[in-house]
Amino acid sequence: MFEHVTAASPDPILGLSEAFGRDERPSKINLAVGVFKDAAGQTPVLDAVRTAETRLLAEETTKSYMPIGGDPAFGRAARELLLGADHPALAAGRVVTFQTPGGTGGLRVAGDYLKQNHSGKTLWVSDPTWANHHGIFAAAGVAVKPYPYLDPQTNSLNLDAMLGAAQGMREGDIWLLHGCCHNPTGIDPTAEQWTQIAAAAQAYGVLPLIDFAYQGFGAGLTEDAAGLRAVLDVNPEALVCASFSKNFGLYRERVGAFHVVAKDTDTAAVVGSQVKACVRRNYSNPPAHGGAVVTTILGNTALRTQWEAELTAMRDRINGMRTALQAGLDERGVRLTPEGNGFITRQNGMFTMSGLTKPQVQALKQDHAIYIVGSGRINVAGVTPDNLPVLCDAIAAVTGG
Ligand code: LMR
């Protein structure tokens, strides 16, 4: 029965973690998958999460099914975190939220919804983008095309090329934007550039789909939402997939939110009913635990303050490692772009697009047991004071620096 089945290729990100697990060299370093590590190389359970979980365990009364859209209290909390509690779209009741199994689950629901309700439209993704975007939307049957994003010479945003491509989008097409901490490049538009992107989406009549997986990892919770809010200021309709894997450290609990922002309440309800049907056919209703943790923390002043401090500490640690990585490479005479290594501290969030070539990435793995993604993406959130010199030496060796 299975003879005709051929093996699938390993996942370009999680497949590397599997290969890492099989690697027996004690010096191995995993900088592939986007997971935060503390200075000791551990991915901790946040203290605010632990306290919330203790309370939930004591207070939980049932394991019965969740509503298809998840807990309404979670939806409210997630919307307010996204837009700010006083955003007019919330008062107008034109945002509908679905609690989803991670950001990935939300993206797949978005894909199913788009395939079934926006037939014939193209979804545009940045080149490069998170590798799984391609897989998710292909699996949903949505046509995907790339738009330029990165200027490889300087490792910065090529806004002219991006806006030029937007001109070629057809009305009703979908424009996938990374809300902050672009994955894999770490390169985000400036406030002024967001205004231009928002205006282009409005002018060409495209539907923004914002992937928002790193709120709080760039400059802060409010600062990181500024681009998304600028898009919504001039585009009354958009889709947003948020993840709480990174900012709450809830990776394995699978918690995210899919928001439909519509021009009015009635439209939001109609679109929401279609999304609900997609969820029911996909995973029926979401897992409860991670969402309950998020709702508990966001709804309690002391826990929220504690969480925000823990989030700030994670962000500060990553930024400290960015500075140290840049300095370590400079000291060894490595220049990852013709303009040097300054891009490392200009990029945001967990990742840096190093500019390392595929053979160099391969040599890092083969000769130095250092795993980074094939595109050259390094998870800076996995760099620690201990592994930093090893990483810098290895990059110097593979680049001949
Ligand atoms: C990543 O990009 O490494 C993370 O978002 C984890 C994943 O699921 O790929």
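Numbers below:
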{"read-out": "Top-ranked residue of the range 116-133 - restricted to ones that are assigned to a helix (DSSP H, G or I) and within 25 Å of residue 163 (Cα to Cα), ranked as farthest from the ligand (Cβ to nearest atom)", "value": "133"}
{"read-out": "Residue within the range 194-202 that is out of contact with any Leu (no Cβ under 8 Å at 6 or more places or on another chain) and closer than 29 Å to residue 378 by Cβ present", "value": "yes"}
{"read-out": "Unmet requirement for residue 188, which otherwise passes all of (1) within 16 Å of the ligand (Cβ to nearest atom); (2) within 23 Å of residue 70 (Cα to Cα)", "value": "(2)"}
{"read-out": "Hey, residue 51 open to solvent by 40 Å² or more (accessible area, probe 1.4 Å), within 16 Å of the ligand (Cβ to nearest atom) and farther than 22 Å from residue 269 by Cβ or not", "value": "no"}
{"read-out": "Selection within the range 362-383 - farther than 12 Å from residue 32 by Cβ and open to solvent by 10 Å² or more (accessible area, probe 1.4 Å)", "value": "362, 363, 366, 367, 368"}
{"read-out": "Residue 277 outside any loop (DSSP other than H, G, I, E, B) and surrounded by 16 or more Cβ atoms within 10 Å (Cβ to Cβ)", "value": "no"}
{"read-out": "In the range 35-44, the residues that are surrounded by 13 or more Cβ atoms within 10 Å (Cβ to Cβ) and more than 16 Å from the ligand (Cβ to nearest atom)", "value": "38, 41, 44"}
{"read-out": "Odd one out for residue 59 among (1) open to solvent by 80 Å² or more (accessible area, probe 1.4 Å); (2) within 16 Å of the ligand (Cβ to nearest atom)", "value": "(2)"}
{"read-out": "Members of the range 286-305 that are crowded, with 18+ Cβ neighbours inside 10 Å and either of a type in the set (D, E, K, R) or away from the ligand (no atom under 16 Å from the Cβ) (or both)", "value": "286, 287, 288, 291, 292, 293, 294, 295, 296, 297, 298, 303"}
{"read-out": "Within the range 352-361, tally of residues that are open to solvent by less than 10 Å² (accessible area, probe 1.4 Å) and under 13 Å from residue 30 (Cα atoms)", "value": "0"}
{"read-out": "Qualifying residue in the range 361-370 (condition: touching a Cys at 6+ places or on another chain (Cβ under 8 Å) and either away from the ligand (no atom under 16 Å from the Cβ) or among the β-branched types (Val, Ile, Thr) (or both))", "value": "no"}
{"read-out": "Filtered residue count, the range 1-49, keeping only those that are among the charged types (D, E, K, R) and free of Cβ contacts under 8 Å to residues at least 12 places away in the same chain", "value": "4"}
{"read-out": "Test: residue in the range 245-267 that is part of a helix (DSSP H, G or I), more than 16 Å from the ligand (Cβ to nearest atom) and open to solvent by less than 60 Å² (accessible area, probe 1.4 Å)", "value": "yes"}
{"read-out": "Positions within the range 88-113 being outside any helix (DSSP H, G or I), surrounded by 16 or more Cβ atoms within 10 Å (Cβ to Cβ) and over 19 Å from the mean Cα position of the chain (by Cα), in sequence order", "value": "94, 95, 96"}
{"read-out": "Selection within the range 10-34 - within 11 Å of the ligand (Cβ to nearest atom) and open to solvent by 30 Å² or more (accessible area, probe 1.4 Å)", "value": "11, 12, 14, 17, 33"}
{"read-out": "Residue that is surrounded by the most Cβ atoms within 10 Å (Cβ to Cβ), among those in the range 306-334 that are in a helix (DSSP H, G or I), hydrophobic (A, V, I, L, M, F, W, C) and touching a Ser or Thr at 6+ places or on another chain (Cβ under 8 Å)", "value": "321"}
{"read-out": "Matching option when the condition is away from the ligand (no atom under 16 Å from the Cβ) and in contact with a helix residue (DSSP H, G or I) (Cβ under 7 Å, 6 or more places away or on another chain), among 335, 346, 322", "value": "322"}
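The values are calculated or read from the model by the stated rules, or taken from the named source; none is laboratory data. Everything quoted here is computed from the prediction, not taken from an experiment. Positions of Cβ are generated from backbone atoms using ideal geometry, with glycine treated the same way; all protein chains shown enter the neighbour counts. Heads up: the accessible areas ignore ligands, DNA and RNA and are worked out on the full protein's heavy atoms, side chains in. Shrake-Rupley method; radii C 1.70, N 1.55, O 1.52, S 1.80 Å.
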